[in-house]
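Since the structure comes first, as structure tokens, the remarks are kept for the end.
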């Protein structure tokens, strides 16, 4: 049980981290596209070189290339959580929603005390 909880916690932390990284990557891509537009305008005005434009384009493309990987990681983490908790998870616009799978009955967790014969001999009841 402790291992299951640890795995769920790890997957949740991964999920939230990937969601944050995706948010940052999208913000960076927007800023870099704005910078690219400014660099292209400067180039048209003769104030910037082709190299500056190429570097700005490269930066935009490399940042945008990380977005699908992060989205895939989010889906994988959400799937891991769903499998561990035996629920169906759907990702809609960056949020994780929960819906219980049909025909599943949650049973309450019960602590069961099992005493071995050897333990009983070592510690006699009082």
Worksheet entry | Computed FRET value (nearest 0.05) for residue 64 with residue 8, which takes r as the C-beta separation and R₀ as 30 Å | 0.40
Worksheet, complete the sentence: Stretched fully, the stretch from residue 86 through residue 49 gains (0.36 nm per residue minus C-alpha distance, one decimal, in nm) 7.7 nm
Practice prompt. Using label points projected 7 Å from each Cα along Cα→Cβ, tell me how many nm separate residue 37 and residue 57, to one decimal.
Written response: 1.8 nm
Worksheet item: Peptides 14-23, 60-69: what's the order by average Cβ count within 10 Å, highest mean first?
Response: 14-23, 60-69
Worksheet item: Can you give the FRET efficiency for residue 27 and residue 1, using 1/(1 + (r/R0)^6), R0 = 35 Å, r = Cβ-Cβ distance, to the nearest 0.05?
Response: 0.35
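No value in this document is a laboratory result; all are computed from the given coordinates. The structure presented is a predicted model; accordingly, all values stated were derived computationally and were not measured. Cβ coordinates were reconstructed from backbone atoms using ideal geometry, including for glycine residues, and neighbour counts include every protein chain displayed.
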